[in-house]
Amino acid sequence: MRNAWIPVALAATIAAAGCAASSNTNLVNAETKLRVAEANPAVSAHASVPLHEAQTSVAAARTSFEKGDAEVRVDHLSYLASRRVEIAEAIAERNAAQEDVKQLSKERTGVVLEARTQEAEIAREDATIAQENTVIAERQAEASALSAAALAAELSALKAKQTERGIVVTLGDVLFDVDRSELKPAAMDDLNRLAELLAAEPRRAVLIEGHTDSTGTAGHNDELSRQRADAVASVLTRHGIAPSRITTRGFGSSSPLATNATSAGRQENRRVEIVVLDVSLPPVSERSP
Amino acid sequence: MRSAFTLVGGLILLSAIGTVGCSTPRKPAQEVEKADLAIASANTSNAPTDAPLELQLAREKVEKAKSALRDHDFKLAQRLAEQAQVDAQLAEAKAESESARTSATELEQTIDVLRDEAERGVGSPP
């Protein structure tokens with residue numbers, strides 16, 4: 001019976017000699033690598049199955065070491081385990097990147113859609129602006145028409161008449177002394193009003209045309225009619241109306257309104273006509289002197 | 001005496017079994033085949049360019065495994081073949097990770113360019 005124990009004891013010693021190493025470097029490295037991978041949330045999120053395989057491998061290597069397997073075997077199993085940890089990490093990176101690709105594809109589609117929407121929006125805005133410009137142009141045309149109407153209303157107070165040439169204000173004979181070209185004070189109210197209106201309508205030009213009756217010489221009448229027109233013009237320029245807007249002419253007796261045979265007719269013929277021109281008409285009289 | 005002889009004989013028998021282990025010649029050959037397949041698979045990915053070291057290791061080990069088989073060193077052949085497999089698998093996983101990362105980066109750049117163009121488009125006069 002004593003003999004039976006010797007081979008067993010011998011076997012136990014041999015076995016114990018196999019477990020001589022207190023640790024295996026490759027095993028410890030594999031276990032350390034595993035801990036790092038386990039601590040990485042991306043690995044468990046994106047590669048849980050490969051990670052589990054790595055854990056099983058590491059456990060098998062650890063078991064092999066504890067059992068006292070040969071170092072070659074423990075090293076081999078530790079190598080496999082270590083590589084499997086690395087594989088789990090690489091797969092996690094791949095899967096995470098593929099997730100990113102999915103997200104980014106959606107984002108790219110979104111950006112393209114947004115750009116197209118913006119282009120459509122800009123096109124719509126352009127169309128709206130074009131429309132608004134049309135409306136503005138229409139309103140400006142209306143405003144011109146209105147201001148003409150307002151002007152006309154004011155000028156009706158001046159007893160102005162609308163003709164094809166423009167708006168005609170007639171200053172009568174009573175505003176001048178006989179055979180004189182100085183304006184009497186009575187004319188000033190009307191001329192002030194006219195000057196204000198012309199200041200408010202800077203695009204309008206003015207024709208001032210002096211007329212006489214047939215009494216006296218043509219030369220004298222031409223001169224007098226011209227001087228009277230100039231007198232009216234100088235009142236307007238004193239009120240700040242630019243001289244370039246004003247054209248004066250003396251027609252003498254060449255353009256009567258009424259007959260010169262009667263006193264009333266002659267009085268009517270003695271006048272200064274102030275023509276406030278439409279914007280589009282050229283500031284030159286169409287009638288020849 | 002007889003019991004001791006039996007025990008020693010038993011021990012010798014056990015150790016003989018232990019040396020051979022569970023492996024038979026068929027298993028190492030299968031492992032080598034699996035290693036070849038793993039390397040072939042890695043070759044279809046970008047592993048040759050993106051994970052050349054791991055792929056090279058796998059190739060070398062497979063060659064050594066085949067030569068171990070010829071030498072009837074079945075344990076060595078088994079070990080080398082198993083290691084070659086994981087080396088090839090790692091090479092492929094690294095290459096795929098690299099490809100996916102590159103795709104993601106390219107997409108990011110495309111989106112930046114598109115965004116720039118969109119902004120410039122808004123700023124330019126109609």
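Read-outs throughout are calculated quantities, based only on the coordinates presented, and are distinct from any laboratory measurement. As the structure is a computational prediction, the values presented were derived from the model and not from experiment. For neighbour counting, all protein chains shown are included, and Cβ atoms are generated from backbone atoms with ideal geometry for every residue, glycine included.
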5 Å is the cut-off here: which amide hydrogens, built 1.01 Å from N in the peptide plane, fall below it relative to A:Asp278, excluding neighbours closer than 5 in sequence?
A:Ile167
Mind listing the phi-derived Karplus ³J(HN,Hα) values for the stretch A:160-170, rounded to whole Hz, using 6.51, -1.76 and 1.60 with θ = phi - 60°, and x for any glycine or proline?
7, 10, 8, 10, 5, 7, x, 9, 10, 9, 10
Percent RCO, i.e. relative contact order, over the stretch A:11-145, from Cα pairs under 8 Å lying at least 6 residues apart
27 percent
Report relative contact order for chain A in percent, whole number only (criteria: Cα-Cα under 8 Å, sequence separation at least 6).
15 percent
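At 4 °C and a viscosity of 1.567 mPa s, what translational diffusion coefficient does Stokes-Einstein give for the stretch B:23-119, taking Rh as the Kirkwood radius over Cα pairs? Give it in µm²/s as a whole number.
For the chosen part, D equals 88 µm²/s.
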Students often forget the sequence filter, so: which aspartates and glutamates lie under 19 Å Cα-Cα from A:Lys161 once same-chain residues fewer than 8 apart are removed?
A:Asp173, A:Asp189, A:Asp190, A:Glu196, A:Glu201, A:Glu209, A:Glu268, A:Glu273, A:Asp278, A:Glu286
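Compactness ratio of the stretch A:74-152: Cα Rg over 2.2 N^0.38 Å, N = residue count?
In units of the globular-protein estimate, the stretch A:74-152 measures up at 2.90.
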For the stretch B:48-65, Karplus couplings with θ = phi - 60° (6.51, -1.76, 1.60), whole Hz, Gly/Pro x
x, 8, 8, 9, x, 5, 4, 5, 4, 4, 4, 4, 4, 5, 5, 4, 5, 5
Of B:Lys34/B:Lys64; A:Lys33/B:Lys94; A:Lys67/B:Lys27; A:Lys33/A:Lys102; A:Lys159/A:Lys184, which sit over 20 Å apart, Cα to Cα?
A:Lys67/B:Lys27; A:Lys33/A:Lys102
Karplus couplings for the stretch A:28-43 from phi (6.51 cos²θ - 1.76 cosθ + 1.60, θ = phi - 60°), rounded to Hz, Gly and Pro as x?
4, 4, 4, 5, 5, 4, 4, 4, 4, 5, 5, 6, 8, x, 5, 5
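Counting helices only, and only those DSSP H runs with n ≥ 4, report the 222 nm mean residue ellipticity of chain A as the sum of -39,500 (n - 2.57) divided by its residues, in deg cm²/dmol to the nearest 500.
It lands at -23000 deg cm²/dmol.
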Among A:Ile91, A:Ile246, A:Ile122, which one moves the most in a GNM of chain A with springs linking Cα atoms closer than 10 Å?
A:Ile91
Return the long-range amide H neighbours of A:Thr248 (sequence gap of 5 or more, or a different chain), with a cut-off of under 5 Å between placed amide H atoms.
A:Ile208
Evaluated at q = 0.13, 0.18, 0.19 Å⁻¹: base-10 log I(q)/I(0), Debye formula over Cα of the stretch A:139-206
-0.43, -0.74, -0.81
Estimated Rh, chain A: Kirkwood, alpha-carbon pairs, angstrom:
29.0 Å
Find me the longest stretch of chain A that has none of the exposed trypsin sites (Lys or Arg not before Pro), where exposed means in a DSSP loop (not H, G, I, E or B) with at most 14 other Cβ atoms within 10 Å.
A:1-158
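Order of A:Ile167, B:Ile111 from fewest to most other C-beta atoms within 10 Å?
Neighbour counts put them in this order, fewest first: B:Ile111, A:Ile167.
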Would you list A:Thr109, A:Thr170 from fewest to most Cβ contacts within 10 Å?
A:Thr109, A:Thr170
With a cut-off of 8 Å between alpha carbons and a minimum separation of six or more residues, what is the relative contact order of the stretch B:23-119 in percent?
37 percent
Write down the radius of gyration of the stretch A:114-171 and its Dmax, each obtained from C-alpha positions, in Å.
21.3, 70
Which residue fluctuates the most in chain A, going by a Gaussian network model with Cα springs under 10 Å, if the choices are A:Ala115, A:Ala143, A:Ala61?
A:Ala61
Dipole magnitude of the stretch A:158-277, debye to nearest 20 (Cβ charges: Lys/Arg +1, Asp/Glu -1, about Cα centre):
300 debye
Stokes-Einstein D for the stretch A:158-277, Kirkwood Rh over Cα pairs, 4 °C, 1.567 mPa s (µm²/s)
91 µm²/s
Put +1 on the Cβ of every Lys and Arg and -1 on every Asp and Glu Cβ in chain A; which of A:Leu183, A:Ser214, A:Ala70 then has its Cα farthest towards the positive end of the dipole?
A:Ala70
